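Taken together, the values in this text are just the output of simple stated rules run on the coordinates, not laboratory data. Remember, predicted model here, so these are calculated numbers, not experimental data. Cβ placement follows ideal geometry from the backbone for every residue including glycine, while neighbour counts extend to all protein chains displayed.
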């Protein structure tokens, strides 16, 4: 492993550590929505039938699998998500975004997208953002 390899890894970790708390603060201050909630709502909204099994949700969101259930519980309490029993397997459940959840997500999206642009993509050229995206997608594809 060369110096460039460790530098790339360290940069990824430092960028994540610097930007996630900043974006979380902005979403909470401007929308009353933690970044973890936004992430879950975003994944549910883009899923088929706007629902995912709890297991699948744990695979696609950024929060740890152990926190997904707690975040979904909080979203249920807030009326942004509901749980549905899986009719094929009564031991498992689906998380489903509600109409209020979709409204909340739509209201928060401009804040989220502006933060991405302000703190991340505006620091790179379009070619660099394409390269970063392609490289990280390659890493994810190899791990799945």
Item to check | Filtered residues of segment 103-144 (kept if in contact with a helix residue (DSSP H, G or I) (Cβ under 6 Å, 6 or more places away or on another chain) and farther than 15 Å from residue 34 by Cα) | outcome: 119, 121, 129
Checklist outcome for this item: Wholly inside segment 1-110, helices (runs of 4 or more DSSP H) that include 2 or more residues that are loosely packed, with under 12 Cβ neighbours inside 10 Å and more than 17 Å from the chain's Cα centre (by Cα) are 3-31
Checklist entry - Looking at 133, 114, 141, which one is closer than 26 Å to residue 68 by Cβ and surrounded by 11 or more Cβ atoms within 10 Å (Cβ to Cβ)? => result 133
